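All remarks here apply to the structure that follows.
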Amino acid sequence: MKVLIIEDELLGAETLKKLLKQCDDTIEVIAIKDSIRSSAAWLSAHEAPDLIFMDIELADGQCFELFKEVKIQSPVI
């Protein structure tokens, strides 16, 4: 399973990545993005991941703004 993490706190993102690997070592964190801007750019340029873990409050706004910028086809937690 390919996973995208959208989280602006590096420690939180790295902890989540570690926990995911502990749960299932076949999970691949393909990217960690820290803002709406970088997430939109990444999602526009790459194939949709199988799952997205997304923080609500990011440094440049609330994650819900991302849904206005790009079509998200993956389940979001």
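The values are calculated or read from the model by the stated rules, or taken from the named source; none is laboratory data. Model, not experiment: these values are computed from the prediction. Glycine also receives a Cβ, built like all others from the backbone with ideal geometry; neighbour counts cover every protein chain displayed. These area figures cover heavy atoms from the full protein model, side chains too; ligands, DNA and RNA do not enter into them. Shrake-Rupley method; radii C 1.70, N 1.55, O 1.52, S 1.80 Å.
Quick notes on this structure:
- If you count Lys pairs in the chain whose Cα atoms are under 21 Å apart, skipping same-chain pairs closer than 8 places in sequence, the total is 10.
- The residues of the range 17-77 have, on average, 66 Å² of accessible surface per residue, using a 1.4 Å probe with all protein chains present.
- The range 53-67 and the range 34-50: distance between their alpha carbon centers, rounded to Å: 12 Å
- Expected 222 nm ellipticity per residue - DSSP helices of 4 or more, -39500 (n - 2.57), all of the chain, to 500: -11500 deg cm²/dmol
- Helix 10-23 and the long axis of the chain differ in direction by around 40°, with both axes built from C-alpha atoms.
- Relative contact order (percent, whole number), the chain, Cα cutoff 8 Å, 6+ residue spacing: 37 percent
- Mean shadow area of the chain, taken as a quarter of the surface of its Cα convex hull (nm²): 4.5 nm²
- Carbon/sulfur fraction of accessible area - the range 16-77, other protein chains in place, 1.4 Å, %: 51 percent
- Counting only Cβ charges, +1 for Lys and Arg and -1 for Asp and Glu, the dipole size of the chain around its Cα centre is about 200 debye.
- Trypsin sites (Lys or Arg not before Pro) within the chain: DSSP coil, no more than 12 neighbouring Cβ in 10 Å: 71
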